[in-house]
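Throughout, read-outs are computed from the coordinates displayed, never taken from laboratory work. Just so it is clear, the model here is predicted, and its values are computed rather than measured. Heads up, the Cβs are rebuilt from the backbone with ideal geometry, glycines too, and the neighbour counts pull from every protein chain shown.
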Amino acid sequence: MKTGAVETCGPTQLPPLSPTVHARRLLGLFPGLGLLVAAAVGSDWTVVRQRDRPYVTFANVAHFYQFPEYTHVSRTVSLRSERRVIRAQAGTSEFSINGVRFFANFPLLSIGDDDLISVMDVSKIIEPVLRPSRIQKAEKVETVVLDPGHGGTDQGASSSWGTEKGFALDVALAARRELIRAGYRVEMTRVNDVGVSLEERVNFANRFPKAVFVSIHFNSSSGGAGVESYALAPEGVLSNASSEHHVSAADVERHAGNALDGQNIALTASIHAAVLSRVSAFDRGVRHARFHVLRDIKIPAVLLEGGFISDPAEGQRIATGYYRQQLGTAIAQGIQNYNAAVNYRAGVTSFAVARTNLPPHAHPINEPLGADRPLEPSPLHPPSISINADE
Ligand SMILES: [Zn+2]
């Protein structure tokens, strides 16, 4: 682990990923310290080592990010302010920020009276998601590179209703329409049913400045359902990819894309939140992986798995033009939200899943399950297309 790899700072600094503090102090004493602590750069955090890693308490997180309300009952942690909420369960590896589900890179711990989160997860998830406007070198987005997965002889996942390659392209085309309407330049790694290598996709995307990259896929696995989104795993952490469909290297190395860890997770969280706000799908969370298209990319990148083709109900919904249009619209919305957030210099915008609190002028944000139109064959890839048994 490198020293000083913290990539975001402001008036107050994040805890170091390689702390010099090794003492196992008892924590949780911050509420009484008030502004004195926040004002003293470098003393905002008390770092302890657990399982040979730097950790901080959630009380410390609450103090640093100015959540007036911090509670922990049993092992359930809740941090609240007027507009933000973090929930976590010590002993697990997941937490939520504003309703967006994240998988921690290291387990959340409960030690004595204190609930702890790794410095890595504060630095690489909480900070960029809560304060996207402070992400260093986050540029205004002018171009969006959409990457429909698979193509040509590589069908991806498939079912009797269609193929991943066809559905992904249809979602990308829907997103493109929305993005062009919103004033973005849109480039696509493929616009029809052709094979494109992973290297070609990455090289293509890396030609565009002030761009973001969105790779669109669907899952397939027995018993699986729901939507999940991937950002490149930071250096030093394992992938927590759930699917075998897109196998990633189980390494902990640094890749070119790690220069943009903050942008990657913010973009991923923003798109994931927009998707979960628009379609009724099980939330499989924001995760980290080292998929090829995320590793060597030099612009902020996300890989979206927009549902399980293999699930009987979800597979049928994915086969509807309505669902794919909703996904495309959500991707476009997520990109716009990201762009607004990283460029909002007042500094408080973050991302949220809005399943219940809808602006009054919004479209119905939860796609009613009963309102799916009857299955219609995709004009690109009719359901009669042959199934590749290798997938
Ligand atoms: Zn795929």
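Taking a ≥ b ≥ c as the square roots of the Cα gyration tensor eigenvalues, with a/c under 1.5 meaning rounded and otherwise prolate when a/b beats b/c, else oblate, which class fits segment 255-348? Walk me through the intermediate numbers first.
Working: a/c = 2.50, a/b = 1.47, b/c = 1.70.
Oblate, because a/c is 1.5 or more while a/b does not exceed b/c.
With a Förster radius of 22 Å, plug the Cβ-Cβ distance of Ile111 and Arg87 into 1/(1 + (r/R0)^6) and report the FRET value to the nearest 0.05.
Working: r = 19 Å, r/R0 = 0.87.
Once the sixth-power term is evaluated, E becomes 0.70.
State whether segment 251-302 is rounded, prolate or oblate according to the following rule on the C-alpha gyration tensor (a ≥ b ≥ c being the square roots of its eigenvalues): a/c under 1.5 gives rounded; otherwise a/b larger than b/c gives prolate, and the remaining case gives oblate.
The shape class here is prolate.
At a Cα cut-off below 23 Å, give the lysines reachable from Lys210, other chains included and same-chain residues fewer than 8 away excluded.
Cα-Cα hits under 23 Å: Lys124, Lys137, Lys140, Lys298.
Can you list residues whose amide H is under 5 Å from Glu94's amide H, if they're 5+ apart or on another chain and H is modeled 1.01 Å from N?
Long-range HN contacts for Glu94: Gln89, Ala104, Leu108.
Output ³J(HN,Hα) for segment 103-118: one whole-Hz value per residue in order, computed from phi by the Karplus curve 6.51 cos²θ - 1.76 cosθ + 1.60 with θ = phi - 60°, and x for Gly and Pro.
Running phi through 6.51 cos²θ - 1.76 cosθ + 1.60 with θ = phi - 60° gives 9, 5, 6, 9, x, 7, 10, 10, 10, x, 8, 10, 9, 10, 10, 5 Hz.
Collect residues whose amide H, placed 1.01 Å from N in the peptide plane, falls under 5 Å from the amide H of Ala301; neighbours closer than 5 in sequence don't count.
Correct list: Phe213, Asn264.
Would you mind classifying segment 143-371 by shape? Square roots of the alpha carbon gyration tensor eigenvalues, ordered a ≥ b ≥ c; an a/c under 1.5 is rounded, otherwise it is prolate if a/b is larger than b/c and oblate if not.
rounded
Measure off 7 Å from each Cα along the Cα-to-Cβ vector at Ser74 and Val191, then give the distance between these two points in nanometres to one decimal.
Roughly 5.5 nm, to one decimal.
Please pull out the direction-averaged projected area of segment 45-173, using the convex hull of its alpha-carbon atoms, in nm² to one decimal place.
On the way: hull surface 48.8 nm².
Value for segment 45-173: 12.2 nm².
Given labels modelled 7 Å from the Cα in the Cβ direction, how far is it in nm from Asn343 to Ala259?
Taking the two extended label points, one gets 2.2 nm.
Using each residue's phi in segment 172-186, evaluate 6.51 cos²θ - 1.76 cosθ + 1.60 at θ = phi - 60° and report the 3J(HN,Hα) Karplus result to the nearest Hz, with x for Gly and Pro.
4, 5, 5, 4, 4, 4, 5, 5, 5, 4, 7, x, 8, 7, 10
Could you give me the ³J(HN,Hα) list for segment 263-275, computed from phi with Karplus coefficients 6.51, -1.76, 1.60 and θ = phi - 60°, whole Hz, x at Gly and Pro?
Listing the rounded values in order: 4, 4, 6, 5, 5, 5, 4, 5, 5, 4, 5, 5, 5 Hz.
Please sort by residue number the trypsin sites (Lys or Arg not before Pro) in segment 82-180 whose DSSP state is loop and whose Cβ has at most 12 other Cβ atoms within 10 Å. Before the final figure, lay out the partial values.
Details: sites: Arg83, Arg84, Arg87, Arg101, Lys124, Arg134, Lys137, Lys140, Lys165, Arg176, Arg177; in loops: Arg83, Arg84, Lys137, Lys140.
Qualifying residues, ordered by number: Arg83, Lys137, Lys140.
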